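The structure appears below as structure tokens.
The values are calculated or read from the model by the stated rules, or taken from the named source; none is laboratory data. Every value quoted in this text rests on a predicted model; they were computed, and no experiment measured them. Neighbour counts are summed over all protein chains in view; Cβ atoms, including those assigned to glycine, are modelled from backbone coordinates with ideal geometry. Quick note on the areas: whole protein, heavy atoms, side chains included, nothing else; ligands and nucleic acids left out. Shrake-Rupley method; radii C 1.70, N 1.55, O 1.52, S 1.80 Å.
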Amino acid sequence: MRALIIRHDHPSEAGFVGERLVRRGFELVEMLIVSEAEYDRPGVTVEFPDPRDFDVIVPLGAPWSVYDELTIGTWVGDEIVLLREALAADVPVLGICFGAQAMATALGGSVERADRPEIGWTGVRSDDPGLISEGPWFQWHFDRMVLPPEAKEIARSDVGPQAYVVGRSLGVQFHPEVTPEIVRAWLDNGGVPQALEYGYDPEELARPRDGAREQSYALVDNFLDRIAGL
């Protein structure tokens, strides 16, 4: 089985989610949208593959907003088309943060600026804790999703939706993939001033959290077994 990992920027990796997919027998095919050299000018041109060539698609987070085409250019629209085609072809998608927002947009929902950011380890309210535990989960986002009618919201916070299911696909606003190394990479690429601006200690954000790997593995297993049926 093959899983397409869409990495929108070089600091973002599949982390614990990728680890679990490999342990479940998946070959990871990574696609990096914006390279390190292009990080400050992310309006690149990208050719996306046929989603039907994969058994699972995992679009990860990004430092940009889905609606900010003036900054990131046309690739976000092309990615939304890819996700819409994947969903139409019944290819399971595990959308994470930006990836979940892009999937919601592909289904006719939208993304808007949130009333306040969510940064760091945050609990969520879950309708199905056996599928999506109440965390805490790591967050780093400034936007919120407006879900399309066919999406079933299954977790939320005061800021907005945190998880939803549509067909064989799952979108989560938080970051189950995150490792201390990933957080450190985000901090090293512009995250430190963001964290300080909103009153967060960068060193505390990057500190390992007991049970994070097991929590992420459980989410991936639940997605594959209960949602995707793989």
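Are there any pairs with C-beta distances below 6 angstrom linking a residue in region 9-37 that is under 22 Å from residue 208 (Cβ atoms) to a residue that is open to solvent by less than 70 Å² (accessible area, probe 1.4 Å) and assigned to a strand (DSSP E or B), with the two at least 6 apart or on different chains, and if so which?
Cβ pairs passing all conditions: 14/5; 18/28; 21/3.
Please list, ordered by first then second residue, the pairs with beta carbon atoms under 6 Å, 6 or more apart or interchain, first in region 207-230 and within 16 Å of residue 137 (Cα to Cα), second charged (D, E, K, R).
Final answer for the pair search is 217/20; 220/20.
Exactly one condition in (1) touching a Gly at 6+ places or on another chain (Cβ under 7 Å); (2) under 22 Å from residue 226 (Cβ atoms) is not met by residue 91; state its number.
If we test residue 91 against (1) touching a Gly at 6+ places or on another chain (Cβ under 7 Å); (2) under 22 Å from residue 226 (Cβ atoms), just (1) comes out false.
Residue check, residue 177 against (1) surrounded by 16 or more Cβ atoms within 10 Å (Cβ to Cβ); (2) touching a residue at least 60 places away in the same chain (Cβ under 8 Å); (3) of a type outside the set (Phe, Trp, Tyr); (4) assigned to a helix (DSSP H, G or I), all met but one. Which one?
Result: residue 177 fails condition (4) only.
Filter region 212-230 down to residues that are open to solvent by less than 50 Å² (accessible area, probe 1.4 Å) and either more than 14 Å from residue 20 (Cβ to Cβ) or in contact with a Lys or Arg (Cβ under 8 Å, 6 or more places away or on another chain) (or both), then give me how many there are.
7
Filter region 145-159 down to the residues that are closer than 26 Å to residue 180 by Cβ and under 16 Å from the mean Cα position of the chain (by Cα) and list them by number.
155
Does residue 87 qualify as being more than 23 Å from residue 148 (Cβ to Cβ), touching a strand residue (DSSP E or B) at 6+ places or on another chain (Cβ under 7 Å) and in contact (Cβ under 8 Å) with a residue 40 or more places away in the chain?
It is false that residue 87 is more than 23 Å from residue 148 (Cβ to Cβ), touching a strand residue (DSSP E or B) at 6+ places or on another chain (Cβ under 7 Å) and in contact (Cβ under 8 Å) with a residue 40 or more places away in the chain.
List pairs: first in region 117-133 and touching a residue at least 40 places away in the same chain (Cβ under 8 Å), second surrounded by 18 or more Cβ atoms within 10 Å (Cβ to Cβ) and of a type in the set (Val, Ile, Thr), Cβ under 6 Å, 6+ apart or cross-chain?
118/159; 132/154
If we keep just the residues of region 8-46 that are small (Gly, Ala, Ser) and outside any loop (DSSP other than H, G, I, E, B), which is surrounded by the most Cβ atoms within 10 Å (Cβ to Cβ)?
Per the criteria, the residue is 15.
Picking from 129, 208, which residue would you name as being over 21 Å from residue 62 (Cα atoms), open to solvent by 10 Å² or more (accessible area, probe 1.4 Å), in contact with a helix residue (DSSP H, G or I) (Cβ under 7 Å, 6 or more places away or on another chain) and not hydrophobic (A, V, I, L, M, F, W, C)?
Of 129, 208, the one residue that is over 21 Å from residue 62 (Cα atoms), open to solvent by 10 Å² or more (accessible area, probe 1.4 Å), in contact with a helix residue (DSSP H, G or I) (Cβ under 7 Å, 6 or more places away or on another chain) and not hydrophobic (A, V, I, L, M, F, W, C) is 208.
In region 64-96, how many are crowded, with 21+ Cβ neighbours inside 10 Å and more than 18 Å from residue 21 (Cα to Cα)?
Of the residues in region 64-96, 8 are crowded, with 21+ Cβ neighbours inside 10 Å and more than 18 Å from residue 21 (Cα to Cα).
Tell me which residues, restricted to region 140-167, are crowded, with 19+ Cβ neighbours inside 10 Å and among the basic types (Lys, Arg).
If the condition is that a residue be crowded, with 19+ Cβ neighbours inside 10 Å and among the basic types (Lys, Arg), then 144 is the only one that fits.
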